[in-house]
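Below: one structure, written as structure tokens.
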Amino acid sequence: MLRTSALALAMLSASASAASTLPKNVIFFIGDGMGPAYTTAYRYYQADSEVGQVTPTVFDRLMLGSASTFPHDDTVVTDSAASATALATGVKSYNGAIGVDEHKQPLDSMLVEAKRLGWQTGIVSTSQVNHATPASFVAHAELRSQYDVIAEQYYSRRLQENQPLVDVILGGGQRYFPMQHDGLGQSMVAWGYQYTDSLAQLDSLTRTPAMGLFADKGLEYAIDSEHPHRLSAMVSTALRLFEGSKQPFFMLVEGSEIDWCGHGNDIACAMKEMDDFAKALEVAEAYAKRHGDTLVVFTADHSTGGLTLGSNGEYQWDAKVVKQVSASLPTIQKAILNQPAAEMAKTLTRYVEFAFTEPELARLASVNQDKEALYWALSEIISDRSYTGWTTSGHDAIDVPVGAMGPQSQRFVGHHDNIDLSKQLTEIIQAQR
Ligand SMILES: [Zn+2]
């Protein structure tokens, strides 16, 4: 009895000191489009269905609450730019806004605040690094589509002449950072950035500032890629680069393409993106456990597709069917477009392990001259077979999950609005002053 209460006391005082301790480093994970149905689906997807055992995922381990995501208008449904601006700056803005308020006035992000205080900073994403979510942490633009205006600010925006705003930049977007003479990328290398364009060469980055761009725009989907864990590899690299420095670091990590698979109502594609995002979060979890001085927070900017588990009146969601699909729908669509019916059936066996029924094959054959119709027929067949439900090819307004670990993580318990998550993180960064 006495021993139990002594232990309880020790635990209490340990958690009290954890509550008052400030983290040295902050890592902020945003799963683009990752509503609660995605984290739920991923739990059943990664479980071993043969054993019938459901094990908690990294999202389950870190889960503390939820967040609302509505933008600064009456639509309730946000886009990634408005939501990223809210998450980066603590101010709600209009759909399309990158780091500017409703009057198009520039807002400073927590990354800029961290740099102002002398921290190292990083941006890691599977999309082009100047896509809406990462862009809102670095740049100001009236419209998310101003990719060149945004990219330029990754280089030109500096708080001190001899200090880059972003010390580690990893993701896609080679076309926005050209390496030929006088190109933006070339200027950055000349200024001092180490650079690689190959995921296989991540080890060649040995110091900051460093930049790795691995695709013309977004990285290839995890499900189609020979590097299905490219986000986790990039996060490991960034942590290695930061570890060499005594300075604290702030890093934004975006699982960008969960959203893209969601727009395409492509459940197998979405689950592979979730798997890479989960592995990346696990890398941060292990780092935070090892060091004890790092706050890790994850959330989403909104949910995509109105994804749900269970459809058509059936009490079931079949992850096994999802696992039997080994390519994204755009890849499968491209492979069978305009193919004669017999050939099409054979091609499908390269990408899908289950056998299509005669009516399914007839349906695909009837539309396979029409790219768009073929795509949605494929999506419907795989969704119906796995009992996956979708309500839209756009975003939805469902609240998103919030999780955290490390010093100050208790601040994220309960329900929040997305701007409050941002304010909490900024406060934590500023408190270290
Ligand atoms: Zn989206």
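The values are calculated or read from the model by the stated rules, or taken from the named source; none is laboratory data. Quick caveat, the model's predicted, so the values are computed rather than measured. Positions of Cβ are generated from backbone atoms using ideal geometry, with glycine treated the same way; all protein chains shown enter the neighbour counts. Surface areas here come from the heavy atoms of the whole protein model, side chains and all, with no ligands, DNA or RNA. Shrake-Rupley method; radii C 1.70, N 1.55, O 1.52, S 1.80 Å.
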Residues in region 104-119 that are outside any loop (DSSP other than H, G, I, E, B), open to solvent by 10 Å² or more (accessible area, probe 1.4 Å) and in contact with a strand residue (DSSP E or B) (Cβ under 7 Å, 6 or more places away or on another chain) total 2
Expected single match for modelled with pLDDT of 95 or more, of a type in the set (G, A, S) and either away from the ligand (no atom under 16 Å from the Cβ) or surrounded by fewer than 19 Cβ atoms within 10 Å (Cβ to Cβ) (or both) among S136, S68, S127 is S68
Among helices (runs of 4 or more DSSP H) entirely within region 305-404, at least 3 residues that are touching a residue at least 12 places away in the same chain (Cβ under 8 Å) and of a type in the set (S, T, Y) occur in 371-386
Exercise for review: Kindly check whether there is at least one residue in region 183-201 that is of a type in the set (S, T, Y), closer than 21 Å to K115 by Cβ, in contact with a strand residue (DSSP E or B) (Cβ under 7 Å, 6 or more places away or on another chain) and in a loop (DSSP other than H, G, I, E, B).
Suggested key: yes
(1) in contact with a Leu (Cβ under 6 Å, 6 or more places away or on another chain); (2) touching a residue at least 40 places away in the same chain (Cβ under 8 Å) all hold for R157 apart from (2)
The residue that is farthest from the ligand (Cβ to nearest atom), considering only those in region 381-418 that are aromatic (F, W, Y) and closer than 30 Å to T357 by Cβ, is Y387
Quick check on Y193: is it crowded, with 19+ Cβ neighbours inside 10 Å and in contact with a helix residue (DSSP H, G or I) (Cβ under 6 Å, 6 or more places away or on another chain)? no
Counting only residues in region 268-295 that are among the aliphatic types (A, V, I, L, M), closer than 26 Å to H395 by Cα and more than 16 Å from the ligand (Cβ to nearest atom), the one surrounded by the most Cβ atoms within 10 Å (Cβ to Cβ) is identified as A280
How many residues of region 202-213 are outside any helix (DSSP H, G or I) and open to solvent by less than 30 Å² (accessible area, probe 1.4 Å)? The answer is 6
Among the residues of region 152-170, is there at least one that is of a type in the set (V, I, T), over 26 Å from A270 (Cβ atoms) and assigned by TED's automatic domain parsing to the domain that holds S125? yes
Suppose the filter is out of contact with any Leu (no Cβ under 6 Å at 6 or more places or on another chain) and surrounded by 17 or more Cβ atoms within 10 Å (Cβ to Cβ); does S145 pass it?
no
